[in-house]
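See structure below.
The values are calculated or read from the model by the stated rules, or taken from the named source; none is laboratory data. Since this is a predicted model, take the numbers as computed values, not measurements. Neighbour counts are summed over all protein chains in view; Cβ atoms, including those assigned to glycine, are modelled from backbone coordinates with ideal geometry. Remember, those area values only see protein heavy atoms, side chains included, never the ligands or the DNA or RNA. Shrake-Rupley method; radii C 1.70, N 1.55, O 1.52, S 1.80 Å.
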Amino acid sequence: MLRPQRIPPAVRTSLLLVASLLGLALAVSRVRAQDGTGGGPGRVEAWRLDGRVSVDGILDEPAWRRPTAHPLYQNEPDNGAPPRQPTDWWVAYDDEALYVAARLHESDPDSIRTSLGRRDTWPESDWVYLNLDTYNDDRSGFSFSVNPSGVIGDGQLYNDGASDNTWDGVWECATRTDAGGWNLEIRIPFSQLRFPDAPQQVWGINFSRRYSRCGGREELFHRPRQESGYQNRFPDLVGIAGVQPVREVEALAYGTTRGRFEQVPPGDPFRSSSEYDVDAGLDLRYRITNDLAVSATVNPDFGQVEVDPAVVNLSDAETYYPEKRPFFVEDTGVFRYGREGTNSTWNFNWGDPTPLHSRRIGRSPQLRLDDHDYADVPGTATILGAARLGGTVGGMRVGAMSALTAGENARLSTGGVAGEQLVEPRTSYNALRLQRTYAGGRRGLGLMATGVLRSLDDPAARDQLAARAWTLGLDGWTRLDAGGTWALRGYLMGSRISGAGPALDLAQRSSRRYYQRPDADYLGYDPTRTALEGWMGRALLNKEKGAVTLNAAVGAVSPGFEINDLGWLSRSDRVNAHLATGYRWTEPTRLFRSRSVSLAGYRTWDFGGRPEDVGFCVFASCTFANYWGFDGQVFASPDRYSNSYTRGGPRMVVPTFASVDCSFYTDTRRTVTASLGGSYGEVTDSSVYWSLWSEVAARPSDALQLTFSPSYNGTHEATQWVTRVVDPLMAPTYGSRYVFAKMDLQQVSLTTRVDWTFTPRLTLQTYVQPLFAVGRYQGLKEFQRPSTYDFAVYGRDGGSTLERGDDGSYLVDPDGDGPAAAFAVADPDFNLKSLQVNLVLRWEYDPGSTFYLAWTQGRANFDDPGRMDLRRDTRSLLESPGDDIVMVKVTRRFGV
């Protein structure tokens, strides 16, 4: 049964602050000047072509003999000055595509900087950027970029200045360099763009020329350095009339051959050391209208070519990995929630929700396995199919997605008897996103909803997973004054999960909320509960421009809020507020190009109104006149409380902590660049944290880049979690002993990347990540009293004894001759040695069609726990057997 919860004072205060901010927004919105809806100054005219354009970089077509489309203005390095070099450029179109050509004059051709690189890597070079705000809403758009070698990049624009580079369009370009500069031609099919269904199109446009040698940037508008806004300054692109994208079905077929060469335990009845598989599938896309398309997939290709990095996670929180699979990274921006409306976001001990984290779809199996000798467990849940709808309907941005994954069974062998066990149920994942902007993008309102439905006929699945999971949220923003200096954004989302009692008990006891905490009676822990509900909201106020900066926010996430069946959120039961302000110097001086300093403070409570975290920060950054730079911060947090240190037990005091972080970087325009950073922190309980990292990038030639990223992290942790032991005699901590220890942790990593670009469409990338992580535990102790930092050390306090066995395990008697039972603790020491290697050959043999050859190797070793010796550990790692995967993948795009 769901129990009503009282509203604690901290939450009431937060709600009052949210209401005050919203009231201020409405009041100012009523009295501000009338909003404009247009773009930047001037206009650019596109001409309909009379003949065919050959995209070859030779500007010999009649369309390119007209006067230049629009002058450029210098924004960097001399803000507001005339352009450094002349630039002539033109826009034309026919029934199928938009064409842009440019002649980029250069008085010193030897100063043209160019480099080869893979698509969307933007190597240091001169560049041309073409940005199109096809809805002329001053917030969104498409970005296309080309350098003199023909290397391309593209992405989608959002939030009036931000970009998402995961989108890959299918378009053409060609460049040519001569003694007077370089030429550029671009052809963008209308089928790759979304725009209103209207006889006359009016878009926003920006043509930007970038110079590597001086950090120069020239655009169609002048923007003072302390001003904000990007798309809202674009001139209008006019003259496009009577265009309709071809209503054909676009298909992307794929075929994959994969070989796995793995180390298999002797006697394993399921797997062999060499396994092969072949697969094929088809993605389909149909343009319903100019600005609405539907995509579907049959036996989708959801295998990612790149590997996830190895990490060491000793916390109680899940490790976050970004999405890399092609189907899911396309058009991800439509599902972005709660992050638009301001050009700056500060978070302190707070994470905004991600309602759709697509890595949940086709995830690793979640259900626990029965005891077994051998097991063959699927690596991921098979995605049977998926469909997506995206675009604009009646001025409203629409996104919808649905995916279905198969139920997965593991094969088990116990005592020679084979069987199967369900490890992941059949699941339907669904998401809906609606968003509309008003007054030229000055205000916006959106809705987000998700649903997860599982087929739980299996009793074990029913007892471990929620049957249904729903979320529904609103988000929006508004500018508070006519000049756009102040902006307010916020969101409010609710969630509900339901299922069998044991599954909801697991959800309540999850590390995201720890309902079982014995000293948190406000939570209402109920092991028979069959539903869990919660909410999350936040309001953020930001100063968008000017030398003085200010960012303030207040938010709350209730204990029962849960979105992780399809989304991502690491912690609930939190009320949080912060205030940050600073000053920035944007005009160059003899020593600095720019610099800034900021001060911030934050406070966090739980829903019982009890204070938790508190902290204060000073941030500083600068770019010197020679383009070197520095970033640094000083952080301090006085004594505070934690509801998670005991991982479901009573709250604990966390002693005062202070740290300093700084980093330096060199001029990124040079052939060899470097960055160096480090941090040092101390806690009054004698804990010490330090780290040192660097990155050196060298480009021996235009086609080759080498990147080395070594890092070292050291930790002396005075209070590291070990385990929990039930003991009814331990009344002060509610019948359990919470065992901690001192821990010394060392981590060494050397990530190496080799990028070899033969042509802009043919690249070879190599990624190598060796990781060594050693943890040594000593001085086991138990937590004594709630809301303190009091411990009893085993073998020293209270007559307790502590013995260590030959296998590294501990035998603890917490009260010696007393009545408490002795217990054992497994050896917590570890020595992880890991090597990840990923090599990918990528050839885009035709626009939108790609051939991949990929090799991945992973190996690990765990010998010598608790002791680091890099020479010995490196030898042990290289002598350990590795698991290899070789994959050949071909995709082909065509129209139906």
Just the residues that are more than 13 Å from residue 423 (Cα to Cα), in a loop (DSSP other than H, G, I, E, B) and either open to solvent by 40 Å² or more (accessible area, probe 1.4 Å) or of a type in the set (D, E, K, R) (or both), please, taken from segment 445-485.
481, 482, 483
Return the pairs, sorted by first residue and then second, in which the second residue is among the small types (Gly, Ala, Ser) and open to solvent by less than 30 Å² (accessible area, probe 1.4 Å), the first residue lies in segment 331-355 and is more than 16 Å from residue 557 (Cα to Cα) and in a helix (DSSP H, G or I), the beta carbons are less than 7 Å apart, and the residues are 6+ apart or on different chains.
334/390; 334/399; 335/399; 335/431
Any residue in segment 199-215 that is part of a helix (DSSP H, G or I) and either modelled with pLDDT of 95 or more or not hydrophobic (A, V, I, L, M, F, W, C) (or both)?
no
Filtered residues of segment 133-191 (kept if aliphatic (A, V, I, L, M) and surrounded by fewer than 21 Cβ atoms within 10 Å (Cβ to Cβ))
162, 170, 174, 179
So for segment 95-107 (the condition being within 30 Å of residue 247 (Cβ to Cβ) and open to solvent by 30 Å² or more (accessible area, probe 1.4 Å)), does at least one residue qualify?
yes
Residue count, segment 226-265 (criterion: modelled with pLDDT of 90 or more, assigned to a loop (DSSP other than H, G, I, E, B) and more than 35 Å from the chain's Cα centre (by Cα))
2
Pairs only if they're at least six apart or on different chains, beta carbon under 6 angstrom, first in segment 612-633 and closer than 25 Å to residue 550 by Cβ, second of a type in the set (A, V, I, L, M); list them, first residue then second.
616/636; 617/600; 618/599; 618/634; 620/597; 632/620
Selection count where residues are crowded, with 16+ Cβ neighbours inside 10 Å and either in contact with a His (Cβ under 9 Å, 6 or more places away or on another chain) or part of a strand (DSSP E or B) (or both), scope segment 610-623:
9
Residue that is assigned to a loop (DSSP other than H, G, I, E, B) and either open to solvent by less than 40 Å² (accessible area, probe 1.4 Å) or within 21 Å of residue 727 (Cβ to Cβ) (or both), where the choices are 824, 792, 820
820
Considering only residues that are open to solvent by 10 Å² or more (accessible area, probe 1.4 Å) and either over 21 Å from residue 572 (Cα atoms) or in contact with a helix residue (DSSP H, G or I) (Cβ under 8 Å, 6 or more places away or on another chain) (or both), which ones fall in segment 632-656?
632, 633, 634, 635, 636, 638, 639, 655, 656
Only one residue in 771, 802, 832 is open to solvent by 40 Å² or more (accessible area, probe 1.4 Å) and touching a strand residue (DSSP E or B) at 6+ places or on another chain (Cβ under 9 Å), so which one is that?
802
Mind checking which residues of segment 50-59 are under 25 Å from residue 147 (Cα atoms) and either within 38 Å of the chain's Cα centre (by Cα) or open to solvent by less than 80 Å² (accessible area, probe 1.4 Å) (or both)?
53, 54, 55, 56, 57, 58, 59
Taking the condition under 26 Å from residue 437 (Cβ atoms) and either in contact with a Phe, Trp or Tyr (Cβ under 6 Å, 6 or more places away or on another chain) or without any contact (Cβ under 8 Å) to a residue 24 or more places away in the chain (or both), does residue 145 pass?
yes
